[in-house]
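What follows is one structure encoded as structure tokens, with my remarks underneath.
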Amino acid sequence: MAPEVALDWQGWLTLCTCVGVLLTLALTRLTPDLVLLAALALLSVTGILTAEQALGGFANPGLITVAALFIVAAGVQNSGGVDAIVGRVLGRPKSYRGALTRLMLPVSAMSGFLNNTPVVATMIPAVSRWSKQIDIVPSRLMIPLSYASIFGGTLTLIGTSTNLVVNGQFQALTGRDGFNMFDITPVGLGVAFAGFLIMLLTAKWLLPERRSVSEQFANRREFTFEVAVAENGPLVGLSIQDAGLRHLGRIFLAEIERQGAIVTAVAPEERLQAGDRLVFVGETDAIVDVLRINGLVASDSSTPVIEKDMAERRLVEAVVSPLCDGIGQTLRDGRFRDRYGAVVLAVNRNGESIRGNLGSITLEAGDVLLLEARSPFITRQRQLRDFLMINDLNEQRPDHSKTGMAIGILATMVLLATFGITTMLNAALLAAFAMVATRCLTMAEARRSLDLTVIITIAASFALGNALQVSGAAAWIGSGVLVLADGNPLLLLVLTFFAVSLLTEMITNNAAALIMLPVVLSMTSVLGLNPEPYVIAVMIAASASYATPLGYQTNLMVFGPGGYRFTDFMRIGIMMNIVAGIVTILLVPMIWPLV
């Protein structure tokens, strides 16, 4: 029986802060970095944490390693390393199960050593093209792509940022040496094998056959129409605003064809010229109302402007990220065009195209947008992360002359860390430096590869975990869990796994792991148990995010390209979560003694 633990005001305030963080992240669209920084500030100002304890996460070796690995992954991606591997292994399978095997095995292997977000980002357009060649709809391949990347994250210590930061915090809180590169591999392989087997046996029946968003967006004439500015008409020389074409209710002006060129994301001060062909987006039956405007006439061109291949036009399919500032606002009220320099041509939500007045659509996380964007849009979004890029039709091809160099740097990093020649931190820093020094990527690209939202979220999560530890709140929570476990080490392992897995589906996996880690360490300390198997369970559970598209970033990335609905992930993902838990609970005690 666990000893009774009493809490003072500091412990209660820390608990209330944790509950507030969880509720805020689960019920609002505030970003994790902002919420956790606010919690950090509160804990520091109230004196629960010293300045060193509050800000210690920013200097944690695990966090710095994660930042370096962002650069390493970007170097491999930019040099075409992922493309080179994909091109050799996909081929032409003879069956659906053969296609799953050729897809999932290499993706899992790559995700064991690279951040899975760039791996999946690179694979999405490749899998879309491949699906047409082998006559399998993308909806049968995109969820397996995401899940394979999650499986891969459990194969090595560097497979996900969560593994690294949990290991770093474990070392800081216990003073132990921590885990080596492949200590997690036996359990990760078991989870990956079980997940792969489930996909082979059930995907044919559990994954839907649906048109991808790209196919739904293919016929652009379904959601656009065009008119022309009459020669010598009253609109010639007027701005878009003065001509009354700025706020039309059911439609909006997307682009203008003028003398064989395209004016995109048309500004309100743009002046009309005779013969301009105006392309409108929205309710196509509104063309009747538009033609009533004096000075506009029907377009007499046989080829619609929207279907012409124009150098000035940059069409992008993008998923709305949970971090997007426009969520909860209509496209018109959020001033989407002015804010992003892009025009929304079509919206797909939950696998279905939204018809009607686009300006009145309220953006939601996971919406897939067909955008006509200006050139700076892509670069800017790599930094702002309002959107998860799916398909940039004008994307620059990687410099394949650096492929061998990038893969060699990655392999050297893994060998240095595996054989203990240097620490994982130093190996990652050397690899990041080498990527820039050998021009596998530029300094600007290296800076853009750093996901500041993830880095700040992780660093601030350390503060919350520290507060649970020093305030006694972790011991108090742990004593309650120990009552449920009744002193049974195996039952405690079960409760640990599923508590972290549940939290991961509601908040970020890094935050879930770092909040639960001090609780787990407190429980094992009270019972005199070996903490290592429970820490491994925390790592695996934090990656068990299969049941919702919002649970893990790669799930959200494939949501649109697969034409999925929310329930598609639940249908197969809940089973995946359960199986991952069962395999972990069976394997961990075989490798690490619980006592």
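The values are calculated or read from the model by the stated rules, or taken from the named source; none is laboratory data. Only a predicted model underlies this, so the values are computations on that prediction, with no experimental measurement involved. Cβ placement follows ideal geometry from the backbone for every residue including glycine, while neighbour counts extend to all protein chains displayed.
Can you name the residue in the range 551-582 that is small (Gly, Ala, Ser) and more than 19 Å from the chain's Cα centre (by Cα) and is also farthest from Phe497 (Cα to Cα) among such residues?
Among them, the one singled out is Ala580.
Show the residue pairs that are 6+ apart or on different chains and have beta-carbon atoms under 8 Å apart, the first residue being within the range 134-161 and closer than 16 Å to Ser111 by Cβ, the second being charged (D, E, K, R) and assigned to a helix (DSSP H, G or I).
From residues that are closer than 16 Å to Ser111 by Cβ, the pairs are Ile143/Asp568.
Given the criteria surrounded by 15 or more Cβ atoms within 10 Å (Cβ to Cβ), modelled with pLDDT of 85 or more and closer than 23 Å to Leu450 by Cβ, does Leu363 qualify?
No, not satisfied.
I'm trying to understand the selection: among the residues of the range 86-103, which are surrounded by fewer than 16 Cβ atoms within 10 Å (Cβ to Cβ), at pLDDT below 90 and under 22 Å from Ala203 (Cα atoms)?
Within the range 86-103, Val89, Gly91, Arg92, Lys94 meet the criteria.
Any residue in the range 267-279 that is modelled with pLDDT under 75 and under 26 Å from Ile354 (Cβ atoms)?
Scanning the range 267-279, I find no residue that is modelled with pLDDT under 75 and under 26 Å from Ile354 (Cβ atoms), so the answer is no.
May I ask you to list pairs of residues, at least six apart or on different chains, whose Cβ atoms are under 6 Å apart, with the first in the range 103-125 being closer than 17 Å to Leu189 by Cα and the second being among the hydrophobic types (A, V, I, L, M, F, W, C) and not in a helix (DSSP H, G or I)?
Gly112/Leu155
Filtering the range 522-546 down to residues that are among the hydrophobic types (A, V, I, L, M, F, W, C) and surrounded by fewer than 24 Cβ atoms within 10 Å (Cβ to Cβ), which residue is farthest from Ile477 (Cα to Cα)?
Per the stated criteria, the residue is Leu529.
Of all residues in the range 179-202, how many are within 15 Å of Ile143 (Cβ to Cβ) and either buried (at least 19 other Cβ atoms within 10 Å of the Cβ) or among the β-branched types (Val, Ile, Thr) (or both)?
Of the residues in that region, 5 qualify.
Search the range 467-484 for residues that are on the phi > 0 side of the Ramachandran plot and pair each with any residue that is surrounded by fewer than 24 Cβ atoms within 10 Å (Cβ to Cβ) and in a helix (DSSP H, G or I) when their beta-carbon atoms are under 8 Å apart and the residues are at least 6 apart or on different chains.
Final answer for the pair search is Gly472/Gln10; Gly472/Gly11.
Have a look at Ala537, Ala499, Ala541, Ala513 and point out the one that is touching a residue at least 60 places away in the same chain (Cβ under 8 Å) and either on the phi < 0 side of the Ramachandran plot or outside any helix (DSSP H, G or I) (or both).
Ala513
Residues checked against (1) at pLDDT below 85; (2) under 30 Å from Thr457 (Cβ atoms); (3) among the aromatic types (Phe, Trp, Tyr):
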{"residue": "Leu55", "(1), (2), (3)": "no, yes, no"}
{"residue": "Thr65", "(1), (2), (3)": "no, yes, no"}
{"residue": "Ala73", "(1), (2), (3)": "yes, yes, no"}
{"residue": "Ala84", "(1), (2), (3)": "yes, no, no"}
{"residue": "Leu105", "(1), (2), (3)": "no, no, no"}
{"residue": "Asn115", "(1), (2), (3)": "yes, yes, no"}
{"residue": "Ser139", "(1), (2), (3)": "no, no, no"}
{"residue": "Met142", "(1), (2), (3)": "no, yes, no"}
{"residue": "Leu145", "(1), (2), (3)": "no, yes, no"}
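Just checking, how many residues over the range 448-463 are farther than 14 Å from Val66 by Cα and surrounded by fewer than 24 Cβ atoms within 10 Å (Cβ to Cβ)?
Selection size over the range 448-463: 1.
Read through the list (1) in contact (Cβ under 8 Å) with a residue 60 or more places away in the chain; (2) closer than 20 Å to Asn115 by Cα, then give the number of the only condition that Thr185 fails.
Tallying (1) in contact (Cβ under 8 Å) with a residue 60 or more places away in the chain; (2) closer than 20 Å to Asn115 by Cα, Thr185 fails exactly one: (1).
For the range 490-502, check the following and say yes or no: at least one residue is more than 25 Å from Thr156 (Cα to Cα) and either surrounded by 24 or more Cβ atoms within 10 Å (Cβ to Cβ) or aliphatic (A, V, I, L, M) (or both).
yes
Assess whether Leu200 counts as being assigned to a loop (DSSP other than H, G, I, E, B), out of contact with any Ser or Thr (no Cβ under 6 Å at 6 or more places or on another chain), among the hydrophobic types (A, V, I, L, M, F, W, C) and at pLDDT 90 or above.
Judged against the criteria, Leu200 is not a match.
Here are Glu532, Glu505: which of them is of a type outside the set (Ser, Thr, Tyr), closer than 30 Å to Val119 by Cα and modelled with pLDDT under 80?
The conditions single out Glu505.
Return only the number of the condition from (1) at pLDDT 85 or above; (2) part of a helix (DSSP H, G or I); (3) more than 15 Å from Leu25 (Cβ to Cβ) that Gly480 does not satisfy.
Of the numbered conditions (1) at pLDDT 85 or above; (2) part of a helix (DSSP H, G or I); (3) more than 15 Å from Leu25 (Cβ to Cβ), the odd one out for Gly480 is (1).
Confirm whether Met110 is surrounded by 22 or more Cβ atoms within 10 Å (Cβ to Cβ), out of contact with any Phe, Trp or Tyr (no Cβ under 9 Å at 6 or more places or on another chain) and not in a loop (DSSP other than H, G, I, E, B).
Considered against the rule, which asks whether it is surrounded by 22 or more Cβ atoms within 10 Å (Cβ to Cβ), out of contact with any Phe, Trp or Tyr (no Cβ under 9 Å at 6 or more places or on another chain) and not in a loop (DSSP other than H, G, I, E, B), Met110 comes out as yes.
Among the residues of the range 314-345, write down those that are assigned to a strand (DSSP E or B) and within 22 Å of the chain's Cα centre (by Cα).
Leu315, Val316, Glu317, Ala318, Val319, Val320, Ala342, Val344, listed by residue number.
Which numbered condition trips up Ala431, out of (1) at pLDDT below 85; (2) buried (at least 17 other Cβ atoms within 10 Å of the Cβ); (3) assigned to a helix (DSSP H, G or I)?
Among (1) at pLDDT below 85; (2) buried (at least 17 other Cβ atoms within 10 Å of the Cβ); (3) assigned to a helix (DSSP H, G or I), Ala431 violates only (1).
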